[in-house]
Amino acid sequence: MKHYSRRRVLQVAGLVALSNAAGQLLSVPRVFAAQLTPAAPSLAVFLRVSQQLTQQSQLNPTVAQALVQALNLTQKDFPAGLAQLDALLSSQPALLQQDKLVLPEQNAASEKLAKSILGGWYNGVVGKGNNALYVTYINTLANQAVKDKVVPPGFSYGPCGSWAQQP
């Protein structure tokens, strides 16, 4: 019978515990991927509502898909809220003629959702604080509106390294 030192036993036990913990942590992404995500609303409905809110006829469908996914994750009961907002905007198109988007008091949830949608399109961010999801930077409507005059912050005005030379 072979006798092991106390140090060797502790090393083996520590290695087993460490490998067990690593196995638990490495399987986390698969667990998250296996979870069912809430049903996302139709992209066509989202684009229709977005076109009404932004008053832009040509919106990027790839950005729209990313916004739908982000809003679905950050907004409580997003599909039902979007359907309600779509019905409200369809039945009362005069609401969109105002200088500032203000919906009737009984539609406070729809107004909040509309502002979240607009924020996603213009800022590229959905949600606030630690729950914020960054969807896009270059393709925001704010950057698209000034792309012929202003370069987005953090981007060079000329070829690579041109910033190092005096203008």
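Annotations for the structure displayed:
- Residue within the range 133-142 that is part of a helix (DSSP H, G or I), out of contact with any Pro (no Cβ under 6 Å at 6 or more places or on another chain), at pLDDT 85 or above and among the aliphatic types (A, V, I, L, M) present: yes
- Residues of the range 82-110 satisfying the condition of being open to solvent by 20 Å² or more (accessible area, probe 1.4 Å) and of a type in the set (Gly, Ala, Ser): Ala83, Ala87, Ser90, Ser91, Ala94, Ala108, Ala109
- Positions within the range 33-54 being at pLDDT below 90 and of a type outside the set (A, V, I, L, M), in sequence order: Gln35, Thr37, Pro38, Pro41, Ser42
- Whether a residue is at pLDDT 85 or above, under 16 Å from the mean Cα position of the chain (by Cα) and either surrounded by fewer than 12 Cβ atoms within 10 Å (Cβ to Cβ) or among the aliphatic types (A, V, I, L, M) (or both) was assessed, and Lys115 does not pass this test.
- Hey, Gln65 out of contact with any Ser or Thr (no Cβ under 9 Å at 6 or more places or on another chain), surrounded by 15 or more Cβ atoms within 10 Å (Cβ to Cβ) and either at pLDDT 90 or above or closer than 23 Å to Ser116 by Cβ (or both) or not: yes
- For the range 68-81, a residue qualifies if it is open to solvent by 20 Å² or more (accessible area, probe 1.4 Å) and aliphatic (A, V, I, L, M), and the qualifying residues are Leu73, Ala80.
The values are calculated or read from the model by the stated rules, or taken from the named source; none is laboratory data. Nothing here was measured: the structure is a model prediction, and the numbers come from that model. Every residue, glycine as well, gets a Cβ built from its backbone with ideal geometry; the counts of neighbours run over all protein chains shown. Side chains are part of the model used for accessible areas, which takes the heavy atoms of the whole protein and leaves out ligands, DNA and RNA. Shrake-Rupley method; radii C 1.70, N 1.55, O 1.52, S 1.80 Å.
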